[in-house]
Amino acid sequence: MTDSEQTATDRVREYYDALRGGEPLAPFFAEDPSVVKYGITEKLTGYEAIEAGLREQSATTENWRVESSDLRVVERGEHAWFSDDVRMAWDDAVSDHGYDFDSRWSGTLERRGGTWLFVGMHVSAVPE
């Protein structure tokens, strides 16, 4: 599939696949100082901070499981937004502790140079 044929939905699913596979995640984000990523425990602002944070995450976690159950994506021209309910689980490679919980994801994508890139992402844990 060429970039011009790719949908924003495809891109979100590719991100999930990359997370499961331990692949680099920073290329999914716009190289821009205004891009932001909220995770369960952190806020990363700007591409450089996101790249460093995701590199650290990849180096210290393994065995990711990402189960999407309600992905909704809307595209309008060069912009898109999404939301999803995601069951996430992974192992901390340093402490050998496993994590497993339900989360909510939302974000915004922008098509730049024919490729959908995240310009904002928010991941939060669902209260028990």
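Karplus-based coupling profile of the range 47-60, in residue order and whole Hz: 4, 4, 5, 5, 4, 5, x, 6, 5, 4, 4, 5, 6, 10, with θ = phi - 60° in 6.51 cos²θ - 1.76 cosθ + 1.60 and x standing for Gly or Pro. Compared with the dominant principal axis of the Cα atoms in the chain, helix 8-21 is inclined by about 30°.
Residues in the range 32-46 carry Karplus couplings, in order, of 8, x, 8, 5, 9, 9, 9, x, 4, 10, 8, 10, 10, 10, x Hz; the curve used is 6.51 cos²θ - 1.76 cosθ + 1.60 with θ = phi - 60°, and Gly or Pro positions show x. The residue among 30, 80, 98 whose Cα reaches farthest toward the positive pole of the charge dipole of the range 3-125, with charges on the beta-carbon of Lys, Arg, Asp and Glu, is 80.
Using only DSSP helix segments of four residues or longer, with each worth -39500 (n - 2.57), what per-residue ellipticity at 222 nm results for the chain after dividing by its residue count and rounding to 500?
Result for the chain: -7000 deg cm²/dmol, rounded to the nearest 500.
Kirkwood analysis of the chain, using all unique Cα-Cα pairs, places the hydrodynamic radius at 14.9 Å. Under the criterion of Cα pairs below 8 Å and six or more residues apart, the relative contact order for the range 3-125 equals 26 percent.
Each reported figure results from applying straightforward, stated rules to the coordinates on display, with no laboratory input. Just so you know, these numbers come straight off a predicted model, no measurement behind them. Methodologically, a virtual Cβ is constructed for each residue, glycine included, from the backbone with ideal geometry; neighbour enumeration extends over all protein chains shown.
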